[in-house]
Amino acid sequence: MKKFSQRHLLGIKELNADDINLVFETADNFKSIINRPIKKVPSLRDVTIANIFFENSTRTRISFELAQKRLSADIVNFSASSSSVSKGETLIDTVNNILAMKVDMVVMRHPAPGACVFLSKHIKANIINAGDGTHEHPTQALLDAFSIREKLGTVKGKKVVIVGDITHSRVALSNIFCLQKLGAEVMVCGPSTLIPKHIESLGVKVETNLMKALAWCDVANMLRIQLERQDLKYFPSLREYSMLYGLDKERLDSLNKEIVIMHPGPINRGVEITSDVADSKHSIILDQVENGVAVRMAVMFLLAGQQGSL
C-alpha cells in the first residue's frame with residue numbers, strides 16, 4: 001500500500017508527484033462516497049481535529065469542516081479574532097492550550113508566512129496549512145489540479161495560465177509547484193506591478209497581455225485581486241484592471257478554441273471575471289468547490305495514517 005511521505009501538509013514544495021497522485025486516487029474514492037445517499041464514513045472516528053483560523057475564511061473553513069464531518073472526526077473550531085490572541089497570547093501558547101485538550105491534527109490559517117512550519121517543529125499533532133500569508137495554500141492547489149485532471153483527463157502536458165495578483169497570492173505559488181510536479185506548463189499573466197521579480201526562476205512563462213495568454217493556454221485560473229493584502233496602489237483602478245485583465249464573454253468567444261475557466265474564489269464578479277463567464281459551460285468553478293471537500297478528506301485521511309480500506 002502506498003504511503004504519504006509527509007507527516008504534515010505544510011506546502012506543495014515538500015511533496016513529490018507520487019504524494020500528489022496518492023491524494024488524487026484517495027480523493028476519487030471519497031468523491032464517490034460523498035455522492036452517495038449516506039455521505040459519512042468512520043475513517044477518522046476518535047481523531048480530534050482543531051481548526052485554527054487567525055484570518056477570516058468562510059469557504060476554506062467550511063470545506064475543511066464538512067470534510068471532517070464526512071470522515072466522522074471530532075472537531076474543535078477556534079477563531080483567533082474572538083480569542084485570547086487578540087489579548088496578546090502567542091501562537092505557541094494558543095496551540096499548547098489546544099493540544100492540552102489532546103488534539104491529533106491542526107488545520108491552521110495564519111497571516112504570517114511560515115507559521116505552520118514553526119508550529120510543526122514545536123508540537124506533535126499533524127499540521128495542515130490552510131494558507132499562510134502570501135506563501136502557500138496547498139489544499140487549494142491540490143483541488144485545482146484534481147479538477148483539471150477530472151475535466152481534461154490528465155494534468156501532464158497541459159498549458160495553464162494563472163491570471164491576476166500573483167505577488168500577493170499563496171494560491172499562485174502552490175499551483176505553480178503542483179502543476180509543474182505533475183508535468184504541466186505554467187504561465188503567469190497580469191500587470192507587471194503584480195508579478196514578482198525573478199518569478200521566471202521557478203520555470204514559469206510571464207505574459208502581460210491577457211489575450212496572448214488565453215491564446216496559449218488550455219486552462220485559465222483567474223485570481224481575485226487581494227486588496228486586503230495590498231499596502232500600495234499597484235494599478236490605477238479596479239475598472240482599468242478589469243478592462244485589461246478581466247475575462248468576459250467577448251474575449252472568450254474571440255478565441256478559436258475552447259479553454260477551461262477556473263477561479264479559487266471568492267469571485268469579484270465584474271472585476272477579474274464576468275458572471276456570464278463564471279456561469280458558462282467553460283467554467284469548472286463549482287466543480288472546484290465540490291472537489292475541495294473530497295481532496296481535503298483525502299489529505300486528512302492520509303496524514304492520520306489510516307491506510308486501511310475506505
Using a 10 angstrom Cβ neighbour count of at most 15 plus a DSSP loop assignment to flag exposed trypsin sites (Lys or Arg not before Pro), which longest range of the chain is free of such sites? 46-101
In the P(r) worked out for the chain, what percent of Cα pairs fall beyond 37 Å? 15
Here the FRET efficiency for Glu250 versus Asn16, based on Cβ atoms and R0 = 30 Å and rounded to 0.05, is 0.10
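Size of the dipole of the range 138-286 about the Cα centre, Lys and Arg at +1 and Asp and Glu at -1 on the beta carbon, nothing else charged, in debye to 20?
Once rounded to the nearest 20, the dipole reads 320 debye.
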Global form of the range 22-180, assessed from the alpha-carbon gyration tensor, a/c cut-off 1.5: oblate
What net charge is computed for the residues neighbouring Gln68, neighbours being all others with C-beta under 14 Å from the C-beta of Gln68, Lys and Arg scored +1, Asp and Glu -1? +3
Under 28 Å from Lys40, Cα to Cα: lysines that are on another chain or at least 8 residues apart: Lys2, Lys3, Lys31, Lys69, Lys102, Lys124, Lys151
Cα to Cα, under 18 Å, and not fewer than 8 places away if on the same chain: which aspartates and glutamates meet these conditions relative to Lys197? Glu136, Asp165, Glu207, Asp231
Cross-link partners of Lys158 among lysines (Cα-Cα below 18 Å; sequence separation of 8 or more within a chain): Lys181, Lys205, Lys212, Lys257
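Since every read-out is calculated from the coordinates, none of them should be taken as a lab result. What you see is a predicted model, and the numbers here were worked out from it, not measured in a lab. Note that each Cβ is placed from the backbone with ideal geometry, even for glycine, and that neighbours are counted across all protein chains shown.
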